[in-house]
C-alpha cells in the first residue's frame, strides 16, 4: 500500500514532535528534584523511600525500552508512539493526584512505561522521515539537543511550579505537552505498517524486563541498604538469571524480541557500548555538579539551574550546527572517540573542585569542555546504532540504544553515589562533600575513557557516506 509523500514542511513539523518526545522523557526525570521535600512532607515518604519517586520512573523506563522497540516494529511506530503518550498522560495524572506513597510510586512507574513506548518509536519515526536524506545527521542533532534542554527546563519548571503553584503540577505539566503532540501526530508523522512478524515473544519480554528492572533496582537501592546485603545480592543474582534465560529464549525463538544476530553487528555493539558509557559518565556529572553547586557553593536551585545553562547552550549549538558537519567530514568513529576523550578531560578537570571554590574558576571552563565532548559523541553514536540495524528492526535497535543509555545512566549514577557516600560519610562537611564529588568526577572520567577505548577498538568499518541510504552506516 502506497502512502502520500512526506512534504518538507510535514517532515520538519514531525521532527518537532519527535524532539518534544525526547524533551519530555528527559524533563520528567529532572523536574521532580525541587519538589521532593514537599512530596515527602505531604505524602509521608521516609528519607529512604523518597528516592523511589525518581527510581520508579528509571526502572520502568529502562526495563521496558526493548519491549517498546519490538512493539514499534510489530504494530507500527506511530501506533506505539500514540499509545506511549496516552500511558504517559495516565501516569502523570495519577502521580499528581496521588494521596499515598504507593500511588505516587505507581504513577511514576506508569510514566516510565509510557516513556519506554515513546522513545524507541520516536527514533523509528525519525528514521522514516529523514532516512536517505542529507538532513538525517541534522535531525539526529535536533533530537539529541532536546535532551539537555529537557533536563535544564525540568530544573527551572520544577522550581517555579513547586514554589508558585503546587508540587502536583510538576506531573500535570506533561499533560498539555502530550495533548499538543497527539493533536498533530496524525497529520505530521508517517503512518506505519507492520514490518515484522505480528507475534510478540512474551517470555522474552517478561525475562528481559524483569531482569533489567531487578538489576537496576538492586544497584540504585544498594547505596541505601548496602551492597553485600541479602536483598542486593539476591536481586542482582535474580536479575542476572532472568537475563541469561532471556538470551537462551532468544536463541531458540522463531520470532525473538531481540534477534541475537543483531548483537553480532560490530557497529551496533560498539555504538551501544559508547551510549552506555556516555550515559553513565554524563548523567553522573550533571547530577553531582548540581549537588556541588548547591551543597558546597551554596547556590539555590534556581542559581544552580542557571549555572548549567552555558553547558546546555553549548550542547545545543554543537549538536545542531557543528557535529553533523564534522561527522560528514571525519566520520562517526572519530567524533565518538574524540568526544568521549574530551568528556573525560572535562570530568578530570572538574575533579579539582574546591570546598571554597567559585563557579567561574572551578565549574564553568571544565563543564564546557565536558559538554563539548558529550555533544560530539552523542549524535554519531546514536545514529550509528540505529543505522546498523536492518529496516525491519529499526524499532528494536532504537529500543536497544535507548536502553543502553538509560541503563548506563542508572547504573553509573548508582555506583558513583555509593563512592560519594563511602568517601563523604554521614553528616559530611563541605570539605568531605567536595572530596566525595571529586571522586565521582574521577570515576565518571574513567567511564568516558573506557568508552573511547572500546569505540576505538570495536568500531572498525570502512568509511561510508552518511547521505546515501536510509540505513547507511557512518564509519
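Values in this text are rule-based calculations from the coordinates and carry no lab data. A quick note: this is a predicted structure, and the numbers were derived from the prediction, not measured. Glycine also receives a Cβ, built like all others from the backbone with ideal geometry; neighbour counts cover every protein chain displayed.
Normalised by the empirical 2.2 N^0.38 Å for globular proteins, what value does the Cα Rg of the stretch 290-399 take?
This ratio for the stretch 290-399 stands at 1.28.
Among 121-130, 93-102, 436-445, how do they line up from the highest to the lowest mean number of other beta-carbon atoms within 10 Å?
121-130, 436-445, 93-102
For the stretch 86-154, what's the relative contact order in percent, using C-alpha pairs closer than 8 Å and at least 6 residues apart?
In percent, rounded to a whole number, it is 24.
Simple spin-label model, 7 Å along Cα-to-Cβ: residue 228 to residue 166 in nm?
4.8 nm
Gain in length, residue 431 to residue 252, computed as 0.36 nm per residue apart minus the alpha-carbon separation, to one decimal in nm?
58.9 nm
Among 420-430, 403-413, 151-161, how do they line up from the highest to the lowest mean number of other beta-carbon atoms within 10 Å?
With the highest mean Cβ count within 10 Å placed first, the list reads 403-413, 151-161, 420-430.
Run the numbers on the stretch 149-251 and let me know its relative contact order in percent, using alpha-carbon pairs under 8 Å that are six or more apart.
22 percent
In whole Å, how far is the Cα centre of the stretch 347-369 from that of the stretch 161-184?
About 34 Å separates the Cα centre of the stretch 347-369 from the one of the stretch 161-184.
Sort out for me the Cα centre separation of the stretch 251-265 from the stretch 392-466, rounded to whole Å.
If we compute the Cα centre of each part, the gap is 26 Å.
Using Cβ counts within 10 Å as a stand-in for footprinting exposure, how do 229, 187 rank, fewest first?
187, 229
Rg and Dmax of the chain, using alpha carbons, in Å: what are they?
Expressed in Å, the Cα Rg and Dmax of the chain come to 21.0, 67.
Sequence gap at least 6, Cα distance under 8 Å: using those rules, report the relative contact order of the chain to the nearest whole percent.
Rounded, it is 22 percent for the chain.
Based on the inverse mean of 1/r over its pairs of different Cα atoms, what is the Kirkwood hydrodynamic radius of the stretch 150-290, in Å?
The Cα-based Kirkwood calculation yields 19.4 Å.
Quickly rank 165-173, 249-257, 112-120, 309-317 as a protection proxy: mean count of other C-beta atoms within 10 Å, highest first.
Descending packing order for the listed peptides: 112-120, 165-173, 309-317, 249-257.
With the cut-off at 1.5 for a/c, could you classify the stretch 1-196 from its C-alpha gyration tensor as rounded, prolate or oblate?
It comes out prolate by the Cα gyration axes.
For the stretch 135-228, what does the alpha-carbon gyration tensor say about shape, rounded, prolate or oblate, given a ≥ b ≥ c as the root eigenvalues, a/c under 1.5 as rounded, and a/b over b/c as prolate?
Cα axes put the stretch 135-228 in the oblate bin.
Taking one equal scatterer on every alpha-carbon of the stretch 262-475, how large is log10 of I(q)/I(0) by Debye at q = 0.14 1/Å?
At q = 0.14 Å⁻¹ the computed log10 ratios are -0.79.
Specify whether the C-alpha gyration tensor of the stretch 201-256 places it in the rounded, prolate or oblate class, a ≥ b ≥ c being the square roots of the eigenvalues: rounded for a/c under 1.5, otherwise prolate if a/b is larger than b/c and oblate if not.
Since a/c reaches 1.5 and a/b is larger than b/c, the shape of the stretch 201-256 is classed as prolate.
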